[in-house]
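Quick one: this structure, given as structure tokens, is what I'll be asking you about.
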Amino acid sequence: MTNETIEVIMRRRSIRDYKPDQIEEEKLQIILEAAKFAPNAGGRQLWHFTVIQNKKVIEDMVEKMINVIKQSGNENLQKKISNPDYHTFYNAPTVIVVSGAENARLIEIDCAAATENMLIAAESMGISSCWIGSAELVLSDENVKKTLGIPAGYKPLYAVSLGYSATKDKEQPVPRKENTVNFVR
């Protein structure tokens, strides 16, 4: 048995090439509402969402990211930035930073649930997305936090790129591993 929600979850892919066209404000608001309705410990909602649509701010973050990676010694990331087309956010016109209250119990889980809700909501409206794991390398910088208006007492945890895919076809899903479920009945 399947339904529309399950179909959206199954077809969602991380997209790494975006058109420059900005997403519609109404759709952005729906994505943010979906994030706010994620499950969270004790219903405390100790998260904050920063929407970045200013191209210069996004490009400045990418430049800082490249500098951080150069200093990191991480060979895998250094290989990525050696590509002249490297862009932390894949040239997406919208980036959302998900921050959580410092020292809040289970905040990483709460913010991860909110992030997943954004990805699924975006897919349901034909907007492509990618959860950017490496963004934390630059988001924790105090100057970046100040530029982005991240509230005091909050730490940036995740970033999501949003936009319309520039690739004609979505990637095929990576085959799912077998033997990852057992039942105790």
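Among the residues of the stretch 95-123, what is the count of those that are buried (at least 21 other Cβ atoms within 10 Å of the Cβ) and within 20 Å of residue 155 (Cα to Cα)?
12
Would you confirm whether any residue within the stretch 52-67 is closer than 15 Å to residue 23 by Cα, of a type outside the set (A, V, I, L, M) and touching a Pro at 6+ places or on another chain (Cβ under 7 Å)?
Looking for residues that are closer than 15 Å to residue 23 by Cα, of a type outside the set (A, V, I, L, M) and touching a Pro at 6+ places or on another chain (Cβ under 7 Å), one finds at least one in the stretch 52-67, hence yes.
Here are some residues: 126, 153. Which one is out of contact with any His (no Cβ under 6 Å at 6 or more places or on another chain), surrounded by fewer than 18 Cβ atoms within 10 Å (Cβ to Cβ), over 23 Å from residue 28 (Cα atoms) and of a type in the set (Gly, Ala, Ser)? Give the derivation first.
Values: 126 fails: over 23 Å from residue 28 (Cα atoms).
Only one candidate qualifies: 153.
Here is a yes/no grid of residues against (1) over 20 Å from residue 56 (Cα atoms); (2) at pLDDT 95 or above:
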| site | (1), (2) |
| --- | --- |
| 90 | no, yes |
| 116 | yes, yes |
| 122 | yes, yes |
| 137 | no, no |
| 142 | no, no |
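Pull up the stretch 141-164, narrow it to residues that are more than 15 Å from the chain's Cα centre (by Cα) and among the polar types (S, T, N, Q), then point me to the one that is nearest to residue 116 (Cα to Cα).
147
The values are calculated or read from the model by the stated rules, or taken from the named source; none is laboratory data. Keep in mind the model is a prediction, meaning the values are calculated, not measured. Please note: Cβ atoms are built from the backbone with ideal geometry, for glycine as well, and neighbour counts cover all protein chains shown.
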